[in-house]
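**Q** This is the structure, below, for whatever I ask next.
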Amino acid sequence: MLAYASGRLVQTVLVLVIISFIGFLLVSNLGDPLASLLTADSTAADRAAMIKALHLDEPITTRFLSFFGGLLQGDFGISYRSHEPVAKLIAERLPATVELALASLFITLLVAVPAGVHCGVHPRSALAKAIMFGSIAGVTLPNFVVGIALIGIFSVKLGWLPSFGRGQVVDLGFWRTGLLTASGLKAIILPAIALSTFQVALVIRLIRTQLMEVGLSDHVRFARARGLTDNRIWYVYALRNTLLPVVTMLGLQLGNIIAFSVVTENVFAWPGLGSLFLQSIQAADMPVISIYLILIGAMFMVINLFVELSYPLIDPRVLRRKA
Amino acid sequence: MSRSSFAKVAAVGGVLCASLLAGVSAQAASFKFAGPLDAYTLDPHAVSNTLIFAILSNVYEPLVRRGADLKIEPALATSWKQIDDGWRFELRKGVKFADGSDFNADDVVFSFNRAKAGGVKSNLATIASAVKVDDYTVDLKTTGIDPIVPFEIVNWFIMDKEWSEKNNTVQPGSADNKTETFANRNVNGTGPYRIASRDPGVKIEFEKNPTWWDKLTGNVDKATFFVIPNNATRVSALISGEVDMIDSLPAQDTQRVAADPNLKVQAGPDLRTVYIQPDVARDELQFSDVKGKNPFKDIRVRQAMQLAIDIEGIKQKVMRGYSVPVGLPIAKEVNGFDPVLGEPTKPDVDKAKALMAEAGYKDGFAVTLDCTNDRFMGDEATCLAIAQSLARINIKVEPRAQTTGKWAQQINPPGYNTSLAMLGYSPSTYDAHLFLSSIVATRDPKSGRGTFNIGGFSDEKLDDLITKIQNEKDPTARNALLKQAMTRLKETAGFIPLHQLNILWGVKKNVDVVQPADLGFPLRYYVVK
């Protein structure tokens, strides 16, 4: 087990270094940061001075090494655009994104699990057919369309919920949360719904298929032969067997949500990492984009690492195969 | 509590009540507005950027400011006059910064040196030094003769010397700083408002400065600026009533806003003027099918292009009426604009075809047009429309629309890797000379002239005129020279002017806002009824 775990760890670190190099390369080719830093009428001398100050004239490898050296020392650099430390910018924005991701995960569980079970147990009922039909829309409609439609209905037409922003936030010192105020809770509803539509549809379909398959398996047949009630069979014996893939998928989806909430955050002016990323791209703010990409890469790697490390616990055959 | 101190408290209480009552009678109001981007920084000397100036001009003040009608008026200086080697400014007495310290000549000299070390230095290029004459008099010494110094310093904001020294922010913020400067997030100005709080990229809250030396024309005592990047959401926030005004109203939403009984569209001229500039410097174009020669070197080709572009059609179809076609690459509000020369060119395809045939390009040629897709209203669509227009004279234009960052990397110095580019410019001085010296003059790395002459245009007569204008003290003679330069600019056809943009705001009907052409938000004039 130890050898397996350390092997995975080394791999993860290696991939992280490669990710940071690729991220740096991509970003250094993204655009001219001077366009947003200098005015159209600045002189050639101004430009030359700025290029020198930002070390843009040095070879890419030198720049990467100094960037990577800074990373190792915990120095993430200063944003070109806002002149603020990148670490601070990201730390300020992270809570908004994490809270949005968790809220959308909560909605996913709340809606998709009961709906999925219903569709799996009673696949022929009218309600199940309606849910399945609706879930097609959830899978196919792009995020921003859902977001704009929600704003049109709940903010403009009904005036119930705010169309943008995060409401009042409370500073806990290490974390600025919007979940403790009424305006903050109201503000998170629409973006969380918009972000969860795809997950909801996916989980419903996943659970349904799994349940239908498990329903035909031997242990369910024997349970039925023993005369157990339908409820007990489905909710205790069958459902437990279907949850494993669902949980794995939701874990990975959480990474996805944090990384790719860019569109939803943009639509709702949600002040999270996604908005920061877009603003940085517009200004070719290279330090922020590099760190963001590396951070997202690291997050996926860590989630993946946990998933892989959990395999032997779920299925001991993984270890035996290695040996 | 002793009797006398109780009396004092009672007296203060009375004053408070009185001022509260006064506040009620003036109907102090709060105002919420939203735009697509946030000011990058609150440091007034770090970056030269219109949005930063728009936000900060509510907090910091220059010596000389622009009024609601864009005319120059006294701010921290009460009067000014030209002296032998520059300009002398008499400063306003009794002005206090938000932290209570006094404003005087030391602050002006300090702010000059600070600005000269920061990103705004190009706005002060002709000013060599600031010299304190006495506590309330300052001389700005110019490198040569500069008759338009008051126009050049409207975005140069004055900071407090003591505050900056105390907070270790003597150096302006810049991208290569290893640490964040204090002034990046904190302000201490003399202006009509203070910043109560700011969440970068999210919102800025303003509150009235009770000790401001001047009087508010409007009644806004609290204002909040929200950043809402998505166009559809910004419009929704206005329609749902969450904000009172939005900047950058998309043209396609103007009808929807105008149809709403509580809202109005406020459109006004923007100083930014859009033009296209062909590469006339290279002997062979980089992005064209013509080999061994450069068709744009032939003035007839450039004239034909101007004649073929249907700028009125672009106004109607692409800009939905929200643009002002112009015949010069500068805006009507800019000093040096001439109404006769500035008359937009009438399209004449037959004449254009004849010119093309004369130049030997009857069958046309192909060329790539570089343009942005996120910089201003309808930029990409305008590019496509130009391509259609020029197809009529057999010039096959391939538009290459990119984000501003990519586009700038493509066309900007030192590479200038473009054959034809769509550009937009607004001179911060409201004077055509800045356009001429930075964009029309022959590229000269030494003097810094013509750095943004993307097409490498070069004309001796114009270069002479630009030098003469720079050195002319007398305003009448100077304007005559500007007119000569504009005439020459038009006949050489090195720049093909398209239109002046419009600023588009969606505003609630119960709000009166002033919308200056320099893209500012002067909250001091705003009235909420």
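Every read-out reported here was derived from the displayed coordinates using simple, explicitly stated rules and does not represent laboratory data. Since this is a predicted model, take the numbers as computed values, not measurements. Ideal geometry is used to build each Cβ from the backbone, glycine not excepted, and the neighbour counts take in all protein chains shown.
**Q** Can you tell me how chain A classifies by the Cα gyration tensor, rounded, prolate or oblate, using a/c under 1.5 as the rounded cut? Write down the numbers at each step before the final one.
**A** On the way: a/c = 2.84, a/b = 1.57, b/c = 1.81.
Verdict is oblate for chain A.
**Q** Run the numbers on chain B and let me know its relative contact order in percent, using alpha-carbon pairs under 8 Å that are six or more apart. If you can, show how the numbers build up before the last one.
**A** Numbers: 1097 pairs, mean separation 101.4, N = 529.
RCO, chain B: 19 percent.
**Q** Among A:179, A:272, A:109, which residue has its Cα furthest toward the positive end of the charge dipole of chain A, with +1 on Lys/Arg Cβ and -1 on Asp/Glu Cβ?
**A** Towards the positive end, the residue furthest out is A:109.
**Q** Right, here's the next one. Run the Debye formula on the Cα coordinates of the protein assembly as shown, all scatterers equal and no solvent, and tell me log10 I(q)/I(0) at q = 0.05, 0.08 1/Å.
**A** Results for the protein assembly as shown at q = 0.05, 0.08 Å⁻¹ read -0.34, -0.83.
**Q** Net charge near residue A:234: determine it from the other residues with C-beta under 14 Å of the C-beta of residue A:234, scoring Lys and Arg +1 and Asp and Glu -1.
**A** Numbers: positive: A:208, A:221, A:224, A:232, A:240; negative: A:213, A:230.
For residues surrounding residue A:234, the net value is +3.
**Q** So, one more: Let's test the formula: R0 of 22 Å, r as the Cβ-Cβ distance of residue B:461 and residue B:333. What FRET efficiency results, to the nearest 0.05?
**A** Details: r = 26 Å, r/R0 = 1.19.
E(calc), rounded to 0.05, equals 0.25.
**Q** Related question: Distance between the C-alpha centers of segment A:159-185 and segment B:38-61? Whole Å please.
**A** That distance is 27 Å.
**Q** With springs only between Cα atoms under 10 Å, which of A:194, A:101, A:283 fluctuates most in a Gaussian network model of chain A?
**A** In the Gaussian network model the winner is A:283.
**Q** Now, a different point. Treat each spin label as a single point 7 Å out from the Cα along the C-beta direction, and report the residue B:135 to residue B:317 distance in nm.
**A** Simple spin-label model gives 6.7 nm for this pair.
**Q** While we're looking at this one, here's another question. Taking a spot 7 Å from the Cα of residue B:143 along the direction of its beta carbon, which residues of segment A:43-70 have an amide N less than 19 Å from it?
**A** Label zone hits: A:43-51.
**Q** What is the spin-label model distance, in nm, from residue B:473 to residue A:102 if the labels are put 7 Å beyond Cα along the C-beta direction?
**A** Each label point lies 7 Å from its Cα, and together they span 7.1 nm.
**Q** Please give the helix B:349-358 orientation as an angle from the longest Cα principal axis of chain B, in degrees from 0 to 90, rounded to the nearest 10.
**A** Rounded to the nearest ten degrees, it is 60.
**Q** Between residue B:343 and residue B:30, what FRET efficiency follows from the Cβ-Cβ distance if R0 is 56 Å, with the result rounded to 0.05? Present the calculation step by step, with values, prior to reporting the outcome.
**A** Details: r = 45 Å, r/R0 = 0.81.
According to the calculation, E is roughly 0.80.
**Q** Taking segment B:150-206, which trypsin sites (Lys or Arg not before Pro) meet the DSSP loop condition and have no more than 10 other C-beta atoms within 10 Å?
**A** Sites meeting the loop and neighbour criteria: B:178.
**Q** In a Gaussian network model over chain A where Cα atoms closer than 10 Å are linked, find which of A:248, A:108, A:177 has the largest mean-square fluctuation.
**A** Of A:248, A:108, A:177, the Gaussian network model singles out A:248 as fluctuating most.
**Q** Report for the protein assembly as shown the percent antiparallel among DSSP-assigned beta bridges with both residues inside it, nearest 5. Don't skip to the end; give the middle numbers.
**A** Details: 61 of 80 bridges.
The answer is about 75 percent antiparallel.
**Q** What whole-number distance in Å separates the alpha-carbon centres of segment B:299-333 and segment B:95-120?
**A** 43
**Q** Another question, if that's okay. Taking the alpha-carbon centroid of each part, what is the distance from segment A:125-154 to segment B:387-415 in angstrom?
**A** Cα centres, segment A:125-154 to segment B:387-415: 40 Å.
**Q** Then there's this: Within chain A, what's the longest run with no trypsin sites (Lys or Arg not before Pro) in a DSSP loop and at most 13 other beta-carbon atoms within 10 Å? Give the range, please.
**A** Counting at most 13 other Cβ atoms within 10 Å as exposed, the longest clean stretch of chain A is A:1-123.
**Q** Give me the percent relative contact order of segment B:431-529, please, defined on Cα pairs under 8 angstrom at least 6 residues apart. Working shown, then result.
**A** Working: 89 pairs, mean separation 16.0, N = 99.
Taking the mean separation of contacting Cα pairs over the length of segment B:431-529, I get 16 percent.
**Q** Turning to a different aspect of this structure: Can you compute the helix-only [θ] at 222 nm over the protein assembly as shown? Use -39500 (n - 2.57) per DSSP H run of at least 4 residues, normalise by all residues, nearest 500 deg cm²/dmol. Present the calculation step by step, with values, prior to reporting the outcome.
**A** Numbers: 29 runs with 376 residues, N = 852.
Dividing the helical sum by the residues of the protein assembly as shown leaves -14000 deg cm²/dmol.
**Q** What distance in nm lies between label points placed 7 Å from Cα along the C-beta direction at residue B:396 and residue A:230?
**A** Distance between label points: 6.9 nm.
**Q** Of the candidates A:231, A:304, A:241, which one comes out as most mobile in a Gaussian network treatment of chain A with C-alpha springs shorter than 10 Å?
**A** A:231
**Q** For residue A:168 and residue A:61, what is the calculated FRET efficiency with R₀ set at 60 Å and r taken between the beta-carbons, to the nearest 0.05? Could the numbers behind the result be given before it?
**A** Numbers: r = 47 Å, r/R0 = 0.79.
For R0 = 60 Å, the calculated efficiency reads 0.80.
**Q** A further question follows. Give me the Debye-computed log₁₀ of I(q)/I(0) at q = 0.05, 0.10 Å⁻¹ for chain B, equal point scatterers on Cα only, no solvent, two decimals.
**A** One equal scatterer on each Cα of chain B leads to -0.23, -0.88.
**Q** Moving on. What is the gain in length, in nm to one decimal, between residue A:222 and residue A:309 on full extension, counting 0.36 nm per residue of separation less the C-alpha to C-alpha distance?
**A** On the way: separation 87, 0.36 × 87 = 31.32 nm, distance 3.36 nm.
In short, 28.0 nm is gained.
**Q** So between residue B:446 and residue B:484, what do we pick up on full extension, going 0.36 nm a residue minus the alpha carbon distance? List each step's numbers first, then the result.
**A** Numbers: separation 38, 0.36 × 38 = 13.68 nm, distance 2.58 nm.
Value of the extension gain: 11.1 nm.
**Q** Still on this structure, please answer the following. So in chain B, what percent of DSSP beta bridges are antiparallel if you round to the nearest 5? Don't skip to the end; give the middle numbers.
**A** Working: 58 of 77 bridges.
The answer is about 75 percent antiparallel.
**Q** Follow-up. Find the all-direction average of the projected area of the Cα convex hull for segment B:439-529, expressing the result in square nanometres with one decimal place. Intermediate results must be reported in sequence, preceding the final value.
**A** Details: hull surface 36.8 nm².
Quarter of the Cα hull surface area: 9.2 nm².
**Q** Can you list the HN-Hα couplings for segment B:512-524, worked out from phi with the Karplus curve (6.51, -1.76, 1.60; θ = phi - 60°), rounded to whole Hz and with x for Gly and Pro?
**A** For segment B:512-524, the Karplus-derived couplings read 9, 10, 9, 10, x, 6, 8, 6, x, 10, x, 4, 5 Hz, x marking Gly and Pro.
**Q** Please report the net charge: other residues with Cβ closer than 12 Å to the Cβ of residue B:260, K and R +1, D and E -1.
**A** Values: positive: B:256, B:264, B:508, B:509; negative: B:253.
So the surrounding residues net to +3.
**Q** If exposed chymotrypsin sites (Phe, Trp or Tyr not before Pro) are those in a DSSP loop with at most 14 other Cβ within 10 Å, what is the longest stretch of chain A that has none?
**A** Working: sites that count: A:160, A:174, A:175.
Looking at chain A, A:1-159 is the longest stretch - no exposed chymotrypsin sites (Phe, Trp or Tyr not before Pro) with at most 14 other Cβ atoms within 10 Å.
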